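The next block holds one structure in the form of structure tokens; read it before the comments.
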């Protein structure tokens with residue numbers, strides 16, 4: 001990360017992470033594609049669409065679990081990479097150990113939520129007894145066995161922080177394929193197994209996540225030689241935890257905002273129709289393939305820029321920023337083209353009702369152009385995380401995922417052509433966030449270029465202060 005040409009390093013690190021992140025998107029979209037085919041039972045017509053709706057309502061909690069896991073991992077990733085650049089082996093070991101400890105704590109929190117909070121959460125979005133029952137069944141399994149996805153997120157970032165992105169991708173691929181294979185077997189009861197329906201989708205998901213976790217653990221402990229390991233490093237160190245969350249907390253909030261936005265949109269769009277809620281849920285999962293590819297490159301930007309920040313190499317930092325933005329924008333342009341050209345076949349893959357499919361196609365056609373702004377936002381957030389500008393990253397997330405999009409979506413539901421207008425909230429929010437990101441990025445560049453900013457970097461938290 002300190003010597004090879006930046007474009008080469010970014011692609012060698014980023015491509016495996018992109019593959020890993022895109023495969024992660026498979027978990028939910030594959031579940032939706034298979035549960036959409038659940039056959040109607042006596043007295044229940046369109047059972048598959050009810051199941052897709054239940055998964056849509058459950059999805060924000062799954063996103064929140066991932067938010068805590070990945071956000072904590074982002075803090076571990078950046079702190080560990082910088083400590084490696086500073087050749088501080090003791091801090092490297094404590095960072096890794098405390099990251100694993102925090103993963104265990106996060107799992108216990110969501111296990112308790114699975115016991116006490118699921119019914120109340122789902123009831124706030126629907127009063128349909130069929131959707132509610134399906135959602136409770138699915139979400140209980142996903143929360144009770146959430147240690148797989150949480151701890152995988154930590155071990156994945158430990159491998160990525162040392163540049164071993166291929167190993168984290170191997171773990172992700174194994175879990176994704178296990179999920180894809182097990183989904184139809186457990187949902188429809190093939191090979192003599194019981195037909196579990198929506199519960200089968202949940203079991204397939206958590207089994208895939210556990211497999212990914214186990215493989216990532218094995219690869220970390222056998223291949224990550226730069227990171228010392230030991231039981232003693234699991235002891236919580238308040239100073240290390242504080243540093244992890246100085247970087248990771250804004251990332252958690254950023255990821256959690258995606259969950260809160262989806263939860264809010266589910267409620268707001270429910271005033272339009274159940275079809276709008278389901279269409280948004282399907283669109284969001286299709287969109288994840290594109291955004292997760294962008295997130296994958298962002299996760300290559302962060303350790304690369306952070307490592308050279310700790311090393312004191314300003315030119316490589318700038319190159320990491322430049323190529324990161326360029327590459328993510330290329331991904332977004334490809335994503336826009338795919339959604340605009342193949343909107344109808346993509347919607348048809350879920351066997352939706354005519355009304356839901358029509359709204360899903362409309363969502364893709366209207367929202368996709370905003371990906372140009374979203375790509376820049378994602379890249380700049382990765383840069384801010386690397387430079388410990390967590391507040392700047394948080395401001396961008398608040399604008400694109402909460403402050404602008406939810407009020408606009410609610411306002412647009414009041415229009416006579418609400419089924420068209422509601423989708424405009426998303427590209428408008430991305431544009432607003434992009435304008436703020438440009439202003440914040442210019443301020444960072446100005447501080448970096450100032451005479452007071454010495455060639456030998458001082459602690460990042462004292463350099464870059466974005467209110």
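Quick note: the coordinates plus some simple rules give every number you see, no bench work behind them. Remember, it's a predicted structure, so these values are computed and weren't measured experimentally. For neighbour counting, all protein chains shown are included, and Cβ atoms are generated from backbone atoms with ideal geometry for every residue, glycine included.
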Please work out the Cα center distance from the stretch 368-403 to the stretch 114-147, rounded to the nearest Å.
-> 31
Quick one: 165, 3, 56, fewest Cβ neighbours within 10 Å first, how do they rank?
-> 3, 165, 56
By the Cα gyration tensor axes a ≥ b ≥ c (a/c under 1.5 gives rounded; else a/b larger than b/c gives prolate, otherwise oblate), the shape of the stretch 88-186 is oblate
Mean separation of Cα contacts under 8 Å (at least 6 apart) over the residue count of the stretch 178-270, i.e. the relative contact order in percent, is 16
Take every Cα pair under 8 Å in the chain that's 6+ residues apart, average their separations, divide by the length, and report that relative contact order as a whole percent.
-> 22
Tell me, 31, 237 in order of fewest to most beta-carbon neighbours within 10 Å?
-> 237, 31
For a label point 7 Å from the Cα of residue 86 along Cα→C-beta, name the residues of the stretch 345-387 whose backbone N is under 16 Å from it.
-> 386-387
What FRET efficiency, computed as 1/(1 + (r/R0)^6) with R0 = 35 Å and r the Cβ-Cβ distance, is obtained for residue 3 and residue 246, rounded to the nearest 0.05?
-> 0.80
Give, in nm to one decimal, the length gained when the segment between residue 322 and residue 349 is fully stretched (0.36 nm per residue of separation minus the Cα-Cα distance).
-> 6.0 nm
Gyration tensor verdict on the stretch 225-306 (Cα atoms; rounded if a/c is under 1.5, prolate if a/b is larger than b/c, oblate otherwise) | prolate
With a ≥ b ≥ c taken as the square roots of the eigenvalues of the C-alpha gyration tensor of the stretch 1-126, please select rounded if a/c is under 1.5 and otherwise prolate if a/b is larger than b/c or oblate if it is not?
-> oblate
Along the Cα-to-C-beta direction of residue 234, a point sits 7 Å from the Cα; which residues of the stretch 75-101 have their amide N less than 18 Å from that point?
-> 93-101
A chain fully extended from residue 191 to residue 177 at 0.36 nm per residue, minus the present Cα-Cα distance, gains in nm 3.2 nm
Order by neighbour count: 151, 424, fewest other Cβ atoms within 10 Å first, most last.
-> 424, 151
Do you know the relative contact order of the stretch 22-172, to the nearest whole percent, from alpha carbon pairs under 8 angstrom that are 6+ apart?
-> 31
